[in-house]
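Q: Sharing a structure here in structure tokens format.
Nothing in this text is a laboratory measurement; each read-out follows from the coordinates by a stated rule. Everything numeric in this text was worked out from a predicted model, so none of it was measured. Heads up, the Cβs are rebuilt from the backbone with ideal geometry, glycines too, and the neighbour counts pull from every protein chain shown.
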């Protein structure tokens, strides 16, 4: 009888603990598993022997349910990439030694692109060295939704729901005033515009915001942007804009780099800030109306009070499937969501060879962006809508949500 180890890595989300919950549920229920362990702070914690037994902490169904309602990474996280074994085997030998110490036969790593790179390297090392008694499976997580070979990533649906809700509420705020005003909202996504695209769902119940949407997949023109803003101001007094943090010009430069010489403070100092802040200065200088910028930043990652029930359900199911696949002896793969139907929405869980996933980026299809480059198409709305459905029960105490702590 072998033990199971699970760890989390990368940026936190509202759904990563639901995947952890699924892994633990399967581990506790399977008669082939002795103990279920968790590593604190991902692969860093494994290298430092920071291992905790999860059986006594999560054997109660109420604790598992509370874990699903808890945002962020309950086991802690890291942003470490393993070096390649051709350069040094030290990290790999230390990890395998710890697996032997705790009698680990199954390792589930929950995370995004860098985490899948770790799964790829570690599984390949085991295969190369004929360590056939250790199964390593990746479970996807990223609000950026940029992992390939999966229809969408756990955590994205809840982040998209938060962004849609926030834009709807921003519209309620901005539309009360009669004076012309522009509000530019920066959404996470340096290399993929999925999250920014989800702002379009703020219009689903009749609100106007956002009026313009700019994703990082299409080259961004400042002159075209200013004309778009002027055109919208001619139609209405409050214009709300969504921009990806990673918007780039035609030369491939991040707009924050290319606009350095155009945005200066009163003393002539270049303003070092995000895309929305730069565009705020440009609009103020070129158009002259009231303008403000908003950077959603960390808030879009762990807003469990507005989590998507569909996202949490899928994440939990995916964790169970990942653990089951490892226990069955499979290794070097990632659990993936395969959409089988959009209307009605249906999906199944598939497993993909990890080398097809690691270090790849899934961008928004260009045909899901309108020809003007300032909005998304109906295909995008149809893709997004099923992912934000349902509301998760939230346990409150003293007026604020209760979160589970594992250590």
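Q: Angle between the Cα long axis of helix 90-101 and the longest principal axis of the chain, 0 to 90 degrees, nearest 10?
A: Relative to the chain, helix 90-101 is tipped by roughly 50 degrees.
Q: Could you work out how far the C-alpha centroid of the range 296-345 sits from that of the range 389-404, in angstrom?
A: 20
Q: At what distance in nm do the modelled label points of residue 63 and residue 372 sit from each other, each positioned 7 Å from its Cα along Cα→Cβ?
A: Calculated label separation equals 5.5 nm.
Q: Which shape class, rounded, prolate or oblate, goes with the range 163-245 when its Cα gyration tensor gives a ≥ b ≥ c as root eigenvalues, a/c under 1.5 marks rounded, and past that a/b bigger than b/c marks prolate? Before the final figure, lay out each step's value.
A: Working: a/c = 2.26, a/b = 1.20, b/c = 1.88.
In terms of gyration-tensor shape, oblate.
Q: Here are several values of semi-axes √(5λ) of the Cα gyration tensor in Å: [x] 41, 23, 19; [y] 100, 27, 16; [z] 37, 23, 19. Which one was derived from the coordinates shown?
A: Read-out taken from this structure: [x].
Q: Let me ask you something else. Of 11, 45, 155, which has the largest mean-square fluctuation in a 10 Å C-alpha GNM of the chain?
A: Fluctuation is largest for 45.
Q: Classify the range 157-300 from the C-alpha gyration tensor, please: rounded if a/c falls under 1.5, else prolate or oblate depending on whether a/b exceeds b/c.
A: Working: a/c = 1.71, a/b = 1.19, b/c = 1.44.
The shape class here is oblate.
Q: Separation of the range 241-256 and the range 1-26 by C-alpha centroid, Å?
A: 34
Q: Got a sec? How would 80, 188, 320 order by Cβ neighbour count within 10 Å, fewest to most?
A: Details: 80 17, 188 24, 320 21.
The fewest-first ordering by Cβ neighbours comes to 80, 320, 188.
Q: Provide 395, 19 in ascending order of the number of other Cβ atoms located within 10 Å of each residue's Cβ, fewest first.
A: Details: 395 13, 19 33.
Fewest-to-most Cβ neighbours within 10 Å comes out as 395, 19.
Q: Now for a separate question. What's the center-to-center distance, using Cα atoms, between the range 89-125 and the range 206-228 in Å?
A: 43
Q: On full extension of the chain, what length is gained from residue 249 through residue 328, given 0.36 nm per residue of separation minus the C-alpha to C-alpha distance?
A: Details: separation 79, 0.36 × 79 = 28.44 nm, distance 4.84 nm.
Working it through step by step, the gained length comes to 23.6 nm.
Q: Now, a different point. Measure off 7 Å from each Cα along the Cα-to-Cβ vector at residue 290 and residue 402, then give the distance between these two points in nanometres to one decimal.
A: Here the answer is 4.3 nm between the modelled labels.
Q: Output the antiparallel fraction of DSSP beta bridges having both residues in the chain, as a percent to the nearest 5. Walk me through the numbers on the way to the answer.
A: Numbers: 17 of 51 bridges.
Here the antiparallel bridges make up roughly 35 percent for the chain.
Q: Given the options 124, 198, 371, which has the most mean-square fluctuation in a GNM of the chain, springs set between C-alpha atoms less than 10 angstrom apart?
A: For the chain, modelled as a Gaussian network with Cα springs under 10 Å, the answer is 371.
Q: Report the residue, chosen from 71, 219, 154, that carries the largest GNM mean-square fluctuation when the chain is represented by alpha-carbon nodes joined by springs under 10 Å.
A: 219
Q: Still on this structure, I have one more. State the extension gain, in nm to one decimal, for the chain segment bounded by residue 353 and residue 208, taking 0.36 nm per residue of separation less the distance between their alpha-carbons. Walk me through the numbers on the way to the answer.
A: Numbers: separation 145, 0.36 × 145 = 52.20 nm, distance 4.26 nm.
Stretched out fully, the residue 353 to residue 208 stretch lengthens by 47.9 nm.
Q: A further question on this structure: If we count other beta carbons within 10 Å of each Cβ, what is the order of 218, 224, 26, fewest first? Provide the component values of the computation, followed by the final result.
A: Details: 218 19, 224 14, 26 23.
Ascending Cβ contact count within 10 Å gives the list 224, 218, 26.
Q: Given a Förster distance of 30 Å, report the FRET efficiency between residue 127 and residue 29 from their Cβ-Cβ distance, rounded to the nearest 0.05.
A: 0.60
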